Amino acid sequence: MFDALSERLRKTLGALTGHGRVSADDVDAAMREIRLALLEADVNFKVVKDFVGRVRERATGVEILESLTAGQQVVKIVNEELVALLSAGDRAFKLTGNPAIILLVGLQGSGKTTSAAKLSRHLVKMGRRPILVAADPYRPAAADQLETLGRSLDVPVYRAPAGTSVLDIAKGGMEAARKLVRDTVILDTAGRLTVDEPLMKEIADLSAAYTASETLLVVDAMTGQEAVNVAAAFHAAVPVTGLILTKIDGDARGGAALSISAVTGLPVKFLGTGEKTDALEIFHPDRLASRILGMGDVLTLIERAQETYDEKQAVKMAEKLRKNSFTLEDMLDQMEQVRKMGPMGQILELIPGMGGMAKQAQESVDRGDLKRVEAIIRSMTPAERRDPNILNAARRRRIAQGSGTRLQDVNQLVKQFGGLQKMMKQMTGGRLGRRMPGLFG
Amino acid sequence: MSTEPTEVVEAGKHAGEPGATKEVEPLWHSEADELLVPPAAPVRSSESEDFTPGDLSAGLERSRGGFMSRLRGILRSGPSDADWESVEELLISGDVGGVLAIEIVEGARARKDAPSAEAAVRAELAGRLLPGEHGWRPRPAAPGQPAVVLMVGVNGTGKTTTIGKLAHVYRAEGRSVLLAAADTFRAAAIDQLRIWSDRTGCQFVAHAPGADPAAVIYDALDAAIARNVDVVIADTAGRLHTKSNLMDELAKMRRVIERRLPGSAPEVLFVLDATTGQNGLSQAKVFHETIGLTGIVLTKLDSTAKGGIVFAIEDALHIPVRLVGVGEKLGDLLPFDPDAFIDALFE
Ligand SMILES: Nc1nc2c(ncn2[C@@H]2O[C@H](COP(=O)(O)OP(=O)(O)OP(=O)(O)O)[C@@H](O)[C@H]2O)c(=O)[nH]1
Ligand SMILES: [Mg+2]
């Protein structure tokens, strides 16, 4: 597995924050990494080429934001471009007509039948009355599979005797929908290859005979470079309105979806996140962008750090740092802010120069260190928080008892805080102090 | 393990098709007009001609042909930097992967011995594949014991269909085959396998949906030993390699085989969809760590995909591709031929 792009760029571009502008050299180095990361994520190579070109143009000479490194600045641009591509088209789930028809199409094994069942469940939750139609007469036991799923969800399933043509199955399904007063018909079709002309014609005929309000292409998140051609071929045969990206609960980055959206302009509408029928999620471009870059939620955190970054508080904090009046109380405040933003390790990733510490930090979170620190500070009086120097042995014992920690935990915190104050004193006047206001170190 | 099989079917009896055991020809064929009135065993619309390895590249010839033949021309006439870049892109477009494509091109450019640039690229590619084994058959640990094949992979790659095709091959050779329905999870997975079992005249062991898959395997082995069956093929539920509980379940199945047939070395075939991108490597690694893969089946090579991730997998894990799937019919399974595979990448 490759490192997350943020980590790779940190290695390539260094950890220095806010050093003026992203240089041409930075950009060259970054583009190689971005290209490989996107290819690793199965983004189509032509899409990668265009994409890298666009990022290069945008990144060259751009001014680096105060709180970011050059690498993070580039990541930010990459992310914005990814989100823009993934935001293609209209993601609304449209249900027009009575009954509204949803047609599911795709390659073999992409997850159509499971997705059909999930959609039916989703529709029931929306207050609709769906019916599932087993329009795959080819794969052995495909109709049985849909029937089993439908029964578990209490959604009726229409199936026709072996030998019924797909058009006739659909016709029967529509009749069944009327009889059972169903307002949405979900057509689960057989998987097919785009080079299989008779079967592509079959699906085109079906789509022509019954105008679907949604024609969803079901795409496996693990799909490689062919995704674009597959989507284009299906889109040429039937008017696809969007994608369901399945099996996203694995560790595939899902670049296929990006490629398809970039080339066809089709939006991803749903994500399949598991084998159970409730594992269907509405698609969010920003989350998939982060995933494609292999950065978990770090990108969201970059955004959020910028949002949560309260100017006034930052100025106040900078002032405190300069005057060396940063107290345990301030530390508690900072911790709360950090918590608002999300997991500790990822936050540290954002702190210039601390990317490498992220793992350690996460471990300390896992061990409950932070909770302990918080409990200790909360057991102190305001006076003690402002000036830890007054913490004599008796006070420390009381605090340990009050916070349910051990005396040595309290001692350690006091000692560490002393060290932190000293470090800050050295840094104040320098740049780092001003750049860290929203985040405690 | 004491659970009785809920269903054990003797060859031919279930399907009401006594001739099934002797059937060697594909059990059905399809003309376009039959599509509208398929028999109980439905038909696929594609042509039903038999593939031979030599046909593989022909079957894969696609619209990229123009670009490829130009590229081949370039490779013969001494490529420029830009041409090498096209080669890199060709490899990447076949899912070879960015890093490996760069490595292969660098390796090819450094080769001084090759008669042409194309030969150099081919040599680099071939060097990353294990040789094909046309005569490959699963072997029993001891004479009189059944050979055991376990089919594993992520969801929807073609495990169950491949079992049908593989069973067809063995049946055609006159071996007795027992299919074990150890996918007890996916809806109708047991029914799906039963249909293949009927079509190929296999014996069949299944429990109720939701049963312990390891228990199914145990019972299948018992039945196979008692009845002197030559080959047991077990279907397993598709599972993402990231789900550790499901991977543990696989490890357990293997342990059961080893307990019931001490000293046996079951064939564990990893079924990989040729459309899979770079994630295929991470799949193969985890499956290999969990259960010890002995071979790969690359399915859906009748699609437009090239299956280039196989280079990275073989390079990293040294597990041979044994078979390729080129369709949905019984006869659509071929031995892996590295040269034809590389050809197809270029066509
Ligand atoms: N075109 C083509 N389709 C294939 C091939 N192998 C399997 N399929 C199809 O792929 C789909 C999935 O195949 P299955 O055999 O059900 O896959 P599986 O791995 O058992 O699936 P799960 O048990 O659900 O994980 C079916 O529609 C098969 O007909 C192949 O070589 N070529
Ligand atoms: Mg299966």
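What is the average number of partner chain Cβ atoms found within 10 Å of a Cβ in A:160-171?
Working: counts 0, 1, 6, 8, 4, 4, 2, 1, 1, 0, 0, 0.
That average works out to 2.
Leaving ligands, DNA and RNA out of it, work out the accessible area of residue A:379 with a 1.4 Å probe and give it in Å² to the nearest 10.
Approximately 30 Å² for this residue.
Residue by residue through A:141-152, how many Cβ atoms from other chains fall within 10 Å of the Cβ on average?
On the way: counts 12, 4, 2, 7, 6, 2, 2, 6, 3, 1, 1, 1.
Neighbouring Cβ atoms belonging to other protein chains average 4 per residue here.
How would you rank A:281-289, A:160-168, highest first, on the average number of other Cβ atoms within 10 Å across their residues? Spell out each step's value before the answer.
Values: A:281-289: 18.4, A:160-168: 16.7.
In descending order of packing, they fall as A:281-289, A:160-168.
Given H placed 1.01 Å from N in the peptide plane, which residues other than close sequence neighbours of residue B:141 have an amide H under 5 Å from its amide H?
Correct list: B:265.
Contact order normalised by length for segment A:108-207, with contacts defined as Cα pairs under 8 Å and 6 or more residues apart; what percent is it? The partial results should precede the final answer.
Details: 143 pairs, mean separation 35.2, N = 100.
Across segment A:108-207, relative contact order equals 35 percent.
Suppose every Lys and Arg Cβ carries +1 and every Asp and Glu Cβ carries -1, with no other charges. What dipole size does segment A:179-289 come out with about its Cα centre, to the nearest 20 debye? It would help to have the intermediate numbers written out before the result.
Details: 9 positive and 15 negative charges, 34 e Å.
With Lys and Arg at +1 and Asp and Glu at -1, about 160 debye.
Give the accessible area for residue B:136 in Å² (nearest 10); use a 1.4 Å probe, count only protein heavy atoms, and leave out ligands, DNA and RNA.
Around 20 Å² of this residue is reachable by solvent.
Would you tell me the mean number of C-beta atoms belonging to other protein chains that fall within 10 Å of each C-beta in A:215-225, as a whole number?
Working: counts 0, 0, 0, 0, 1, 9, 2, 16, 7, 19, 14.
Mean shielding by partner chains, rounded to a whole number: 6.
Bin width 10 Å, alpha-carbon pairs only: give the P(r) of segment B:282-347 as whole percents, running from 0 to the bin holding the largest distance.
P(r) over segment B:282-347, rounded to whole percents: 20, 52, 27, 2.
From the Cα trace of segment A:100-286, what convex hull volume per residue do you get, rounded to a whole Å³?
Working: hull volume 19.9 nm³, N = 187.
Dividing the Cα hull volume of segment A:100-286 by its residue count gives 106 Å³.
Percent relative contact order of segment B:167-294, based on C-alpha pairs within less than 8 angstrom and at least six residues apart? Don't skip to the end; give the middle numbers.
Values: 168 pairs, mean separation 31.8, N = 128.
Averaging sequence separation for qualifying contacts and normalising by length gives 25 percent for segment B:167-294.
Under 19 Å from the 7 Å Cα→Cβ point of residue A:129, by amide nitrogen: which residues of segment A:158-195?
A:158-159, A:172-187
Tell me the net charge near residue A:166. Cut-off is 9 Å between Cβ atoms, residue A:166 excluded, with +1 for each Lys or Arg and -1 for each Asp or Glu.
On the way: positive: none; negative: A:136, A:168, A:202, A:205.
Neighbourhood net charge equals -4.
Above 30 Å lies some portion of the pair distances; for segment B:147-346, what is it as a whole percent of all C-alpha pairs? Walk me through the numbers before you get to the answer.
Numbers: 2925 of 19900 pairs.
More than 30 Å apart: 15 percent of the Cα pairs in segment B:147-346.
Quick one: plug the Kirkwood hydrodynamic radius of segment A:120-200 (C-alpha pairs) into Stokes-Einstein at 10 °C, 1.306 mPa s, and report D in µm²/s.
Working: Rh = 13.1 Å.
Answer from the Stokes-Einstein relation: 121 µm²/s.
Rounded to the nearest 0.05, what FRET efficiency do residue A:386 and residue A:168 have when you use their Cβ-Cβ distance and R0 = 56 Å? Before the final figure, lay out each step's value.
Values: r = 81 Å, r/R0 = 1.45.
About 0.10, to the nearest 0.05.
Nearest 100 Å² is fine: how much accessible area is buried between A and B, summed over both sides, with a 1.4 Å probe? Numbers along the way, then the final one.
Details: alone 20540 and 14820 Å², together 31270 Å².
Buried area between the two chains comes out at roughly 4100 Å².
The values are calculated or read from the model by the stated rules, or taken from the named source; none is laboratory data. None of these values were measured; they are calculated from a predicted model. Quick reminder, even Gly has a Cβ in these numbers, built from the backbone with ideal geometry, and neighbours come from all protein chains shown. To get the accessible areas, we keep the full protein, side chains included, count just its heavy atoms, and leave off ligands, DNA and RNA. Shrake-Rupley method; radii C 1.70, N 1.55, O 1.52, S 1.80 Å.
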